[in-house]
Amino acid sequence: MDLSTWIKKERKLEVETPHLHRPAQYLLLSTRRQNFLWTVLSMFLAILLWDLFVRLTNVPPFILPSPRLVLERFLQVLQDGSLLRHSLVTLQEVLAGLALGLTTASALGYLLAKSRWAERLLAPYIVASQSIPTVAIAPLLVIWFGPGLFSKVLTSALIVFFPVLVNSIVGLRSVPADLRDLMRSLHATRWQMFTLLEIPASLPVVLGGLRVGATLSVIGAVVGEFVGADQGLGFMINRARGQYDTALVFVAVLTLVAMALALYGIVVLLESRLLSWRNGAEKTTQTV
Amino acid sequence: MSFQSIARLIIAALLLTACAGSPSPTPAVSPATPTEQTMEQVRLGMGFIPNVQFAPFYVALEKGYFRDAGIDLVIDYDLDEVGNVALVGNGDRQFTVASAEQIMLARSQGLPVVYVLNWWRNYPVAVAALAEANIHTPADLAGKTIGLPGLFGASYIGLIALLESGGLAESDVKLDAIGYNQVDALVTGREDAVVVYTNNEPVQLKLRGYDVTVLPVADYAQLASNGLVTNQETIDQNPDLVSRMVQATLRGISDTLANPDEAFEISKKYVEGLDANADVQREILQATLSFWDAEEGELGASDPQAWENMQQILLDMELLSEPVDLDKAFTNAFIEP
């Protein structure tokens, strides 16, 4: 399919555009498509600069490997299955940590939003919990909960907890009072108030917290793995370091970045689906 | 005498005493010690926090052995062993202390690091278990759960060497990566056995009243261990510095072996909190001495067989895909004064 036909299909234009020059055709692309192309260009330039830097400075590969070396190493560990194996372990920890952090934080957030007394009592501990550096608490978690996936799920959940909690409280408290009054006047039950008003009204803010939490959860899982693990991308980084295999460290780090970005993208997608009611009465066809 | 004249007299007397008490001006050049110009600043990377196990360096610093050799030594505790070896390999640091397997792994990745002095004569890793577990030989570890800091580094390599000596493979045991929580994991019964440093955790366990059996790797395999490391560039461009550094370090090691009590007292100045835990730490130093002790004339000399044995373990573990040239990895050329 050529570009003009594609554009026509996208925008349901009635005008044929084959006679337009390419830059003009580009302008007819949706903003999302334009952003995508810019991202690709930016990544390409970054890799080019990286390669140029390595060639010009002659830096040894154990300090800064070239993009080609990283790609070679990536293909090797992809082929022998170890990258997939370790990535799945980390992903498991991340998803479980997100689920745990999200449910506990939103539940506690609801409680604290509703009860000023609960907030006054618990706030010092909650703020203190956020101030404890994860790297310091991770070894303690291994002592208390043993090696194995759970301590990594916990570090991941802990790091997600605070942003989601704060956003839950703020979101619930920002429900417009006049809408509450309206619901009360319509004799809404507590459950109806919760499901039909509070959740939809607080969702934008909560999902904003989840965006932050999604990327942080990856960090949490890796910190847990650094301290004591025999699987996962964090373990892979440790092992690669011990063998001075900096290219493999890069492969693991870039995989983690991709994972975090994918999670972020999923949350953004979730937002656009769950919050589509905000964009107007008529539902537009979603073109991804 | 009037009050004023007494006051003047007192002030004059005070001034005279002040003048007499002030230090005489120091000579511009002290004939006994080297001048500022001849002192070379050397940064030595230590892959751990200040610890009594670095006593020989503290002794050599305190007694001026480095200064006599024209070296202004600065110890950096900022990075771990791997980081330090990478810095030395890149020429950003001249010396560090690292274990032989690090040198082989680094050289296989193109780092031009060279081991110039053998400090620890034996591999310090061991497996410890509570006495009731009845683990007396490496073969007794079959089917057991063993806790270790992680599946990399000296602990992992030492454990595999110990298992191999008992005819076991990694698949014959269950390994748990528990971080640096070996003592807690063992006493709470979470692990059947833990991988420790022979001179450290067992001492602490015994002093805490636990009855432990210890299987030192050194009893079952002769493996090359910790020593002083530099890079090829320093050896080529400044071999005299390497020689002076090695000699000063050797003096520190032999003095520590000859007089450990003095070494311990000196270490108190360099290791914060050593005084507070003096009895445990003094025991640790005592247990460490056997790792540094050498036969007459052998102090500091690397054993080629120990290096071959270590390389074989690395090849068996597939940490090395092919052998490295051991002749270039270590040298005894600087041991003789």
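The values are calculated or read from the model by the stated rules, or taken from the named source; none is laboratory data. Note that this is a predicted model, so its numbers are computed, not measured. Heads up, the Cβs are rebuilt from the backbone with ideal geometry, glycines too, and the neighbour counts pull from every protein chain shown.
Note on the range A:137-231: enclosed helices (runs of 4 or more DSSP H) holding 1 or more residues that are out of contact with any Phe, Trp or Tyr (no Cβ under 6 Å at 6 or more places or on another chain) and within 26 Å of B:Asn181 (Cβ to Cβ) are A:149-173, A:199-227.
When B:Gln305 is tested against the conditions (1) in contact with a helix residue (DSSP H, G or I) (Cβ under 8 Å, 6 or more places away or on another chain); (2) exposed (fewer than 15 other Cβ atoms within 10 Å of the Cβ); (3) modelled with pLDDT of 95 or more, the lone failure is (1). Exactly one residue out of B:Thr213, B:Thr230 is over 23 Å from B:Glu296 (Cβ atoms) and either in a helix (DSSP H, G or I) or not assigned by TED's automatic domain parsing to the domain that holds B:Ile75 (or both), and it is B:Thr213. Taking each residue of the range A:230-248 that is at positive phi and looking for partners that are outside any helix (DSSP H, G or I) with beta-carbon atoms closer than 8 Å, six or more apart or interchain, yields A:Tyr244/A:Phe62; A:Tyr244/B:Gln109; A:Tyr244/B:Leu111. Could you check the range B:101-146 and list, in sequence order, the residues that are under 27 Å from B:Ala329 (Cβ atoms), hydroxyl-bearing (Ser, Thr, Tyr) and not in a loop (DSSP other than H, G, I, E, B)? Scanning the range B:101-146 gives B:Ser108, B:Tyr115. If you go through the range B:169-183 and keep only what is within 11 Å of chain A (Cβ to nearest Cβ), touching a helix residue (DSSP H, G or I) at 6+ places or on another chain (Cβ under 7 Å) and over 12 Å from A:Gly228 (Cβ atoms), you end up with B:Glu170, B:Val183.
Within the range A:64-93, restricting attention to residues that are hydroxyl-bearing (Ser, Thr, Tyr) and assigned by TED's automatic domain parsing to the domain that holds A:Ala221, the residue that is surrounded by the fewest Cβ atoms within 10 Å (Cβ to Cβ) is A:Ser82. So, of the residues in the range B:67-118 that are on the phi > 0 side of the Ramachandran plot and within 14 Å of another protein chain (Cβ to nearest Cβ), which turns out to be surrounded by the fewest Cβ atoms within 10 Å (Cβ to Cβ)? This residue is B:Gly110. Among the residues of the range B:62-100, just one is within 17 Å of the chain's Cα centre (by Cα), touching a residue at least 60 places away in the same chain (Cβ under 8 Å) and part of a loop (DSSP other than H, G, I, E, B), namely B:Gln94. Please specify each residue of the range B:177-210 satisfying the condition of being in a strand (DSSP E or B) and closer than 12 Å to B:Ser155 by Cβ. B:Ala177, B:Val194, B:Val195, B:Val196, B:Tyr197 - these are the residues of the range B:177-210 that are in a strand (DSSP E or B) and closer than 12 Å to B:Ser155 by Cβ. Looking at A:Gly234, A:Gly228, A:Gly224, just one residue is within 14 Å of chain B (Cβ to nearest Cβ) and in contact with a strand residue (DSSP E or B) (Cβ under 7 Å, 6 or more places away or on another chain), and that residue is A:Gly228. Taken as a whole, the structure places B:Thr230 among residues that are farther than 28 Å from B:Gln281 by Cα and either away from chain A (no Cβ under 14 Å) or free of Cβ contacts under 8 Å to residues at least 40 places away in the same chain (or both). Among the residues of the range B:283-294, is any part of a loop (DSSP other than H, G, I, E, B) and among the charged types (D, E, K, R)? Scanning the range B:283-294 turns up at least one residue that is part of a loop (DSSP other than H, G, I, E, B) and among the charged types (D, E, K, R). Across the range B:39-62, the number of residues qualifying as touching a helix residue (DSSP H, G or I) at 6+ places or on another chain (Cβ under 7 Å) and over 28 Å from B:Tyr180 (Cβ atoms) comes to 4.
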